[in-house]
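The values are calculated or read from the model by the stated rules, or taken from the named source; none is laboratory data. All values derive from a computational prediction rather than experimental measurement. Ideal geometry is used to build each Cβ from the backbone, glycine not excepted, and the neighbour counts take in all protein chains shown. Note: accessible area is taken over every heavy atom of the protein model, side chains too, but ligands, DNA and RNA are not part of it. Shrake-Rupley method; radii C 1.70, N 1.55, O 1.52, S 1.80 Å.
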Amino acid sequence: MNIRIQCCGIVVLLILIFFQGKQKRTRLTTERFFRWVIAVSLVCLALDVGSVLAVNHFLAPGRAVSPTTQLLVDLICKVYLVTLPAMGLVTLLYICADTFYAQPDRLRLRGAVYGTLFLVSAAAILALPVEYHKNTAGVITNTAGPSVYATYFFIIVFFFFIFQHLLRDRARMNRRRLKAILVWLTLWLGSFFLQLMDNSILVAGFACAVGVLIIYLSLENPEGNLDRQSGLFRREVLKSYLLQLYGQGRDFALLALLFDRTQDGDEEPRIALMRYLERQHKWMAFRVSDDRVYFTFDTAQQAQEAMAQVNEHLAKHRRTAAGLPMKTHWLLMPSAQEAEGSEDLMALLKEIAHKHVHDAKLVIVDTQLIMDIRRDWEIEQLLAEAIEDDRIEVFYQPIYSLSQQRITAAEALVRIRDREGRLVSPGLFIPIAESNGMILRLGRMIFEHVCRFIKAHPLDQLGLNTIDVNLSVIQCAYADLAEDYMAIMRRYGVDPAHINLEITESASIHEKNTLLLNMEQLIDFGVSFALDDFGTGQSNLTYIMDMPVAVAKFDRQITQAYFVNDKAKHVMNAAVRMIHDMGLSIVSEGVETAEELRAIADLGIEYIQGFYFSKPLPEQEFLDYLKTFQAPAASKA
């Protein structure tokens, strides 16, 4: 019997073990079971060689064989035979590890069932006698007998379970792993039947080694799990590892390192830092994107120690090409069980990195922050549904003219409701709409609601001059704003003089220039403008000088400050004189009592908006309010 082919297989497996041992381990269940596959394959081939050598040496023609020697050779051959169904066992467990890596209970159950089957096969193979076939020269060519036939039987049984599992759970398996396993099994099965037909052709062990090599090159090569540029684990490995951790019900801490990509020349120090992280072999570090690296640790204390170590390294090696410190931020989630699963965790971290980091060096991802994010997600969903189903509501808050002693305008304010019918504060959903881009569609819908209202209820008949409509900074920076709004007014036949658009300070020169172009077109069309939130830091003196507005609105905050703060009184008195000297009118928001109304009137402010007259009202309630309020004013006139 020739052992050259088996020796080649052993060499192949030893090379695999060498290269796999030099790389960082992913700690994935499939990786652990693949190591078992390699180990059992190596033992199988080694025993195959050992059995051939034992037979050739101890059972050579003409040599006296003692009962003890015969038992020893029989045992070596039978142990080798046992390793063949053992290969079926570890193959099944490797497949199950791919399918049930996030379901440890099912994986353990399958392991117990298939392990029991293997023990039965091993007991049968060891208990049954083994025979030896000789050629005409008296040389043993192969083993045979009940023990060998039992081996073939149990191999077929394991192959049956393997193919049954592949067919039943193929949709849940990694597609590349499925293909690689099928190639491996095809080689193994072909060599098995070839050896069954001619026992002198000992190729089953070598075919198994080749199959293991194919799986290694396709899936289990540690190099394939690493990002080539940084040497850290790839994002795909993180996804699989998180699924496994959550499936096992293990708690762990997650640490995220974020790079500020606004800096020029930070590429080289950033990659250098990642190479430093790659050398920390005890850490599980994953390059999620160009500007994010995630770490997993067993405890929050380990995560904090790692963060301190990286910060210490950064203090020495964090200069960009421009000689500036490289800006980084940290996210620390002490308990990953705060998330509902791997996908939820990744979504939470992405949301926090996008919206909650700002200039903070460290953000602790705790229960409250996660609750806030989930609330934002829920509101975002409510807003999306309200926009999609056209369930946006517009409330109207009256604006009172002190000179005319009546309601002459109203501000249109958007409202949405939650699933229980309760109103959601605009302070919650407007920032969300601005951040995700929904504000453009929402703004158009509000303006259409207002135009429909004006068409259905002519303002002259209501005693109103204008309806005020808010524009967000995002809308002001939208180049087609004027065209869109003019088209809507034409569609509903609304007189542009009945529309007063409220703007706030834009964040950039580009936005400001775009806004000015929109304002010019709309003013030429007949629309007027008001500067909202004056006095809160959102609208400064330069802005009021540059913008072609007709009205300035004092925010509720500065109105209320006037009544409790002497400095605020001086500021407001000066602001009123300045605005009037510029030829603008003033609306004071947040007036709630008769005393406040008299004090504001004494300042010479023209218009009052606040709860003293009315809170924002739904459309029909606003119409009813006007009928009640305007009638006495008309009789006095």
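By how many nm would the segment from Lys455 to Ile15 lengthen if fully extended, with 0.36 nm per residue of separation less the alpha-carbon distance?
Once the chain is fully extended between Lys455 and Ile15, it gains 150.2 nm.
Write out the trypsin sites (Lys or Arg not before Pro) in segment 401-488 meeting two conditions: DSSP loop, and at most 10 other Cβ atoms within 10 Å of their Cβ.
Arg419, Arg422
How would you order 95-104, 65-74 from highest to lowest mean count of nearby Cβ atoms within 10 Å?
95-104, 65-74
Once both labels are modelled 7 Å past Cα along the beta-carbon direction, what's the His313-Ala171 spacing in nm?
For the pair His313/Ala171, the computed spacing is 4.4 nm.
Provide the descending list of Cα extents for segment 41-136 along its principal axes, expressed in whole angstroms.
Result, largest extent first: 59, 23, 22 Å.
Under a 1.4 Å probe, what is the accessible area of the chain per residue, stated in Å²?
47 Å²
Just by accessible area at a 1.4 angstrom probe, what is the order of Lys567, Lys179 from largest to smallest?
From most accessible down to least: Lys567, Lys179.
Please report, largest first and rounded to whole Å, the three semi-axes of the ellipsoid equivalent to the chain, where each semi-axis is the square root of five times an eigenvalue of the C-alpha gyration tensor.
Each semi-axis is the square root of five times an eigenvalue, giving 81, 26, 19 Å.
Quick check on packing: order 392-405, 570-583, 108-121 by the mean number of other C-beta atoms within 10 Å, highest mean leading.
So the order, starting with the most tightly packed, is 392-405, 108-121, 570-583.
Glu380: accessible area at probe 1.4 Å, nearest 10 Å²?
Taking all protein chains as shown, Glu380 has close to 50 Å².
Could you sort out which of Lys355/Lys553; Lys361/Lys567; Lys24/Lys239 sit more than 25 Å apart by Cα distance in this structure?
Pairs exceeding the cut-off: Lys355/Lys553; Lys361/Lys567.
With labels modelled as points extended 7 Å from the Cα through the Cβ direction, what inter-label distance (nm, one decimal) is found for Thr186 paired with Asp291?
4.6 nm
Could you size up the charge dipole of the chain around its Cα centre, putting +1 on the beta carbon of Lys and Arg and -1 on that of Asp and Glu, and report it in debye to the nearest 20?
3740 debye
Just tell me which lysines come within less than 19 Å, Cα to Cα, of Lys134; anything on the same chain fewer than 8 places away is out.
Of all the lysines, those that pass the test against Lys134 - Cα under 19 Å, at least 8 places apart if same chain - are Lys78.
Note down the relative contact order for the chain as a percent, whole number, built from C-alpha pairs under 8 angstrom at least six residues apart.
9 percent
Between Gln620 and Thr593, what FRET efficiency comes out of the Förster formula 1/(1 + (r/R0)^6) with R0 = 22 Å and r the beta carbon distance, rounded to 0.05?
FRET efficiency, Thr593 to Gln620: 0.20.
Report the extension gain between Arg491 and Ala384 in nm, rounded to one decimal, defined as 0.36 nm multiplied by the number of residues separating them, less their alpha carbon distance.
Working it through step by step, the gained length comes to 36.0 nm.
Using a 1.4 Å probe over the heavy atoms of the protein chains, calculate the carbon and sulfur portion of the accessible area of the chain as a whole percent.
Roughly 57 percent of what the probe reaches on the chain is carbon or sulfur.
Label-point separation (nm) for Glu268 and Met582, each offset 7 Å from Cα along Cα-to-Cβ?
5.0 nm
Rounding to the nearest 10 and keeping the result within 0 to 90°, find how far the Cα-based axis of helix 235-247 lies from the longest principal axis of the chain.
80 degrees
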